[in-house]
1. If you plug each phi of the range 108-124 into the Karplus form 6.51 cos²θ - 1.76 cosθ + 1.60 with θ = phi - 60°, what whole-Hz ³J(HN,Hα) values come out, in order, with x for Gly and Pro?
2. Run the dipole for the range 1-89 about the Cα centre, Lys and Arg Cβ at +1, Asp and Glu Cβ at -1, nothing else charged, and hand back the magnitude in debye, nearest 20.
3. With 27 Å as the limit, write out which pairs from Lys34/Lys54; Lys87/Lys152; Lys109/Lys153; Lys48/Lys109 have Cα-Cα distances beyond it, or answer none.
4. Modelling each spin label as a point 7 Å along the Cα-to-Cβ direction, I'd like the Ala14/Met86 distance in nm, to one decimal.
5. Which residue fluctuates the most in the chain, going by a Gaussian network model with Cα springs under 10 Å, if the choices are Ile125, Ile106, Ile88?
6. What base-10 log of the normalised intensity I(q)/I(0) is obtained for the range 2-47 from the Debye formula, alpha carbons as equal point scatterers, at q = 0.14, 0.15, 0.33 Å⁻¹?
7. Which of Leu75, Leu107, Leu96 moves the most in a Gaussian network model of the chain with Cα springs under 10 Å?
8. Modelled label-to-label distance, Glu45 and Lys73, 7 Å Cα→beta-carbon offset: nm?
Amino acid sequence: MGGYIYDDGGRAAAGFKGTTGDCVTRAIAIATGKPYKEVYDALNELAKRERTGKRKRKISSSRNGVYRSTYGKYLQTLGWEWVPTMKIGQGCRVHLNAAELPSGTILVKVTHHLTTMVDGVIHDIYDPRRIAPNDATEGEPSERCVYGYYHKKEVKS
């Protein structure tokens with residue numbers, strides 16, 4: 001189990017060209033199955049309500065980066081729940097590999113990136129794992145630390 005599959009989340013099919021910092025938009029489109037343009041527009045709409053300040057100079061952009069508080073609100077409306085895997089001062093306990101994360105579809109937060117993992121396989125435009133140089137074989141453990149992940153809440157009947 002593990003590995004990587006190239007997936008742009010429907011970005012090219014939606015008519016977008018070139019490369020950009022849209023990992024949040026892509027990852028959410030992949031994980032939810034929603035069209036890329038729908039997620040793009042929804043995140044930009046939420047960004048209009050953001051406030052700037054001394055530490056936050058600009059608002060989110062679906063194209064160039066979305067703050068976690070903004071995409072967290074969006075995911076919450078879709079029934080997704082945040083599960084932290086690290087606390088302040090605790091150090092890294094969970095890494096970006098299938099053995100340390102739950103199966104199913106999850107959105108995984110790592111440093112400066114959000115990626116989708118489906119049953120242990122990363123779906124993204126590049127492989128965000130940091131595999132040690134001597135462990136360059138497929139399926140080897142990643143050194144990339146995971147801050148937490150989103151998963152779809154189970155509906156209790």
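The values are calculated or read from the model by the stated rules, or taken from the named source; none is laboratory data. Computed from a prediction, not measured in an experiment: that's the story for all the values here. Backbone-built Cβ (ideal geometry, glycine too); neighbour counts: all protein chains shown. When the accessible area is computed, the model is the full protein with side chains, heavy atoms only, and any ligands, DNA or RNA have been set aside. Shrake-Rupley method; radii C 1.70, N 1.55, O 1.52, S 1.80 Å.
1. 10, 9, 10, 4, 6, 7, 10, 9, 9, 10, 10, 6, x, 10, 7, 10, 6
2. About 660 debye.
3. Result: Lys34/Lys54 exceed 27 Å.
4. 2.8
5. Result for the chain, Cα springs under 10 Å: Ile88 fluctuates most.
6. Those come out to -0.31, -0.36, -1.35, one per q.
7. Its mean-square fluctuation being the largest, the pick is Leu75.
8. Here the modelled spin labels are 1.3 nm apart.
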